[in-house]
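To start, the structure itself, in structure tokens.
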């Protein structure tokens, strides 16, 4: 049996080496840093208590990761039947570099809204880069369930991301109506967009001819006054 001071030293080395990676995994599972830190503390406490029976050091991190996932699942179920989690914290600490990177990526915003089992599968498969068999062992489910949960999660993400992209594309006349230009007052010929409501046909300046109606003969030539400014020579 290893002496207590040896266990403590090994545990401190493990925390120094792997706690940052475990915290990122906890954040992806929980969706906010406060809960992620609580998850990590719980996982590290249980890992320390189980250290002697874990045996090889290679078994320590998988055990800690499993505790993270099981605790997150348990807390999520408790919240579902009681309080609902929220994205807004009353006193949120200033975001660090990791949080800024994750929050810039809209994909992870949608991942955090998935059911906890689907979220855990995605985190383990694509963030931790585990195989289906390893993911199944950690979650205590079959490889077939890993496949089905992954498929459902990816389908949901594709649908939500597609809907979000579609909502940003202008539709109908709004997408086709050009913004008319008007000469800026006292600006030597510089043109700027006129105020125009979307969906309305732009009004032409009085000096320009009206659009030709269908079936009308085209005039022999159109004389469009040049904007005020330096004279422009005719093309050869």
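The values are calculated or read from the model by the stated rules, or taken from the named source; none is laboratory data. Being a predicted model, the structure only gives us computed values, none of them experimental. Note that we place each Cβ from the backbone using ideal geometry, even for glycine, and neighbour counts take in every protein chain shown.
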Is there any pair with a first residue in region 14-33 that is assigned by TED's automatic domain parsing to the domain that holds residue 153 and part of a helix (DSSP H, G or I) and a second that is buried (at least 16 other Cβ atoms within 10 Å of the Cβ) and at pLDDT below 90 whose Cβ atoms are under 6 Å apart and which are 6 or more apart or on different chains, and what are they? none
Quick check on my filter: what residues within region 117-136 are surrounded by 16 or more Cβ atoms within 10 Å (Cβ to Cβ), without any contact (Cβ under 8 Å) to a residue 60 or more places away in the chain and within 22 Å of residue 63 (Cβ to Cβ)? 117, 121, 122, 124, 125, 130, 132, 134, 135, 136
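Just checking, does region 161-170 include any residue being at pLDDT 90 or above, farther than 17 Å from residue 29 by Cβ and surrounded by 11 or more Cβ atoms within 10 Å (Cβ to Cβ)? Walk me through it before giving the result.
Of region 161-170, the ones at pLDDT 90 or above are none.
No, because not a single residue in region 161-170 is at pLDDT 90 or above, farther than 17 Å from residue 29 by Cβ and surrounded by 11 or more Cβ atoms within 10 Å (Cβ to Cβ).
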Within region 34-58, the count of residues that are touching a residue at least 12 places away in the same chain (Cβ under 8 Å), in contact with a helix residue (DSSP H, G or I) (Cβ under 8 Å, 6 or more places away or on another chain) and surrounded by fewer than 16 Cβ atoms within 10 Å (Cβ to Cβ) comes to 4
Given (1) exposed (fewer than 13 other Cβ atoms within 10 Å of the Cβ); (2) out of contact with any helix residue (DSSP H, G or I) (no Cβ under 7 Å at 6 or more places or on another chain); (3) over 27 Å from residue 20 (Cα atoms), index of the condition residue 156 fails: (1)
Which listed residue, of 139, 114, 122, is more than 16 Å from the chain's Cα centre (by Cα), at pLDDT 75 or above, within 27 Å of residue 24 (Cα to Cα) and not assigned by TED's automatic domain parsing to the domain that holds residue 30: 139
